[in-house]
Amino acid sequence: MVVRQYPRFQATFSGTLFHQSHLHPINRALDLSRKGCRLESPFQAFAGMKVDLLLYIREERTPILIQGAVVRWSGTHGIGIEFQSLASPHQERLNSTLRQIETTAGPS
């Protein structure tokens, strides 16, 4: 059993993954936590790769920007991404979003 520092929650979001100045769509969000996410994308990711993300969560017009995230794994279950650090306003928006999700659904 994997013990996680931050609980994951099922989340629906769209967005874009950036790698070496190339844009790749996020096809489907699978889960989200304070320090990472799991998603599906046609992008061929590998462990250790650094990426930037723009996450459009719920109906918000302004995306959450995550720079310098690290791909931890990639395979048939999607792409696991760890957030290294977020600028303060983006971290606050992510935390607020997770609090809203947490009150309506349990961890995944």
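The values are calculated or read from the model by the stated rules, or taken from the named source; none is laboratory data. Since this is a predicted model, take the numbers as computed values, not measurements. Ideal geometry is used to build each Cβ from the backbone, glycine not excepted, and the neighbour counts take in all protein chains shown. These accessible areas exclude ligands, DNA and RNA; they are computed on the full protein's heavy atoms, side chains included. Shrake-Rupley method; radii C 1.70, N 1.55, O 1.52, S 1.80 Å.
For the stretch 1-43, what D do you get in µm² per second when you plug the Kirkwood radius from alpha-carbon pairs into Stokes-Einstein at 20 °C and 1.002 mPa s? Provide the component values of the computation, followed by the final result.
On the way: Rh = 11.4 Å.
Once the numbers are plugged in, D ends up at 187 µm²/s.
Taking the radius of gyration and the Kirkwood hydrodynamic radius from Cα positions alone, what is the Rg/Rh ratio for the stretch 29-92, to two decimal places?
0.95
Solvent-accessible area per residue for the chain at a 1.4 Å probe radius, Å²?
With all protein chains present, the chain gives 61 Å² per residue.
Relative contact order of the stretch 10-108: what whole-number percent is it, with Cα pairs under 8 angstrom and at least 6 residues apart?
Dividing the mean separation by the residue count of the stretch 10-108 yields 25 percent.
For the chain, state what percent of all Cα-Cα pairs lands in each successive 5 Å bin, counting from 0 Å until the bin that includes the largest distance.
Here the calculated profile for the chain is 2, 12, 25, 28, 20, 10, 2, 0.
Any idea which of 85, 7, 49 is furthest toward the positive side of the dipole for the chain, if Lys and Arg beta-carbons carry +1 and Asp and Glu beta-carbons -1?
7
With only Lys, Arg, Asp and Glu charged, each at its Cβ (+1 for the first two, -1 for the last two), find how big the charge dipole of the stretch 20-108 is about the Cα centre; round to the nearest 20 debye.
80
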